[in-house]
Structure formats: structure tokens, C-alpha cells
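Single-structure report; data block below.
Computed from the coordinates by the stated procedures, all read-outs in this text should not be read as laboratory data. Since the model is a prediction, treat every value here as computed from it, not as a measurement. Here the Cβ is made from the backbone with ideal geometry for all residues, glycine too, and neighbour counts use every protein chain on show.
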Amino acid sequence: MMVQKINQSHRLLALLLVSMLLNGCATTQYGNFIQNPSQDANQIMATDAATQIVRLYPAATTQFSIGHVVNDTFGQTLIEKLRIAGFAVQEAAEPSIEQSLFAVPQPREEQKAGIRLSYIVDQSDNLYHANLLIDDTRLSRAFIARADSVRPAGLWVKRE
């Protein structure tokens, strides 16, 4: 009888671990994925991204809600530039282990007010890619990296 209960609890634990791993695979990772980025390069790209957002959304009446924890220079600069331009920006708090394991999922409307904003910054060779996800709209731009500096490699592309 005792062995049967132990086997059941092992199965339950294995099922829980597998479901957590699968959940991690199904979610998109956001943030900055450039290997050893220079602070200047991140600031240039973030300033350019903020300028594009200012062109598309009205300041003082738009609130953005960052959909992930910001812990890099690109994200910090982007938030700073948006706030300076007059946007309200709500940042995501880093969840504790207890919150991530035992939190009850909430409907998207109850999580945060405002327009959801996330970003992915990555690279391939000397080409950096900045992708902004604003609700269902995606803004993308490539940048060429040269000796600790970056320059735009094209125009912003908007996909809805």
C-alpha cells in the first residue's frame, strides 16, 4: 500500500515537471539576445525604436504595458525614451518562484492595463534585428554593426 502511494506521487511529480517543461517550450522568449552588445549600440537601437513608436502612437493618451521583465540596456533605454516622450509605461515585475509555480492564470484584460509591448533583439553575424511587438502589430528593423556602433540597414517594417 505504501509503495503504491509513493509510485503515484512519483508519477504526479513527473507529470508536473513535464507540463512545466512543455509550457516553457510553448512560450516565446522576449528580450535582448545579442552576445556581448555594446551599451552604445543598444541605446542607438532603442532610441530609434522609441522614435518610431512616437510616430505611430499618440503620447500622453497611450499607456504601454511591458509584457516581460526588462533587464538589459535596450529595454531600459526604450522605457526611458517612451516616458520622456509622454507615454505611460508599466513594467513587468519579476515573479518569485512561488508566484510562477502556484499563480492562477488570469485573463489578459485583468493582468495589466494598456497596450502590450514586448521586444526581441537578436543578431546574425554583423546584422542586428530589433522586433517590437505592440499588441498584434510587429515593427521590425535591421541594423548593421560596425566597430561598437550601429546604423539602420533599412526602413522600419510594420506587419499587422
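Before moving on, here are some points about what is shown:
- Difference of contour (0.36 nm per residue) and Cα-Cα distance, Gln29 to Arg55: 6.7 nm
- Relative contact order [Cα under 8 Å, 6+ residues apart], the range 120-160, whole percent: 31
- Taking 7 Å steps out from each Cα toward its Cβ at Arg146 and Glu160 produces label points 3.6 nm apart.
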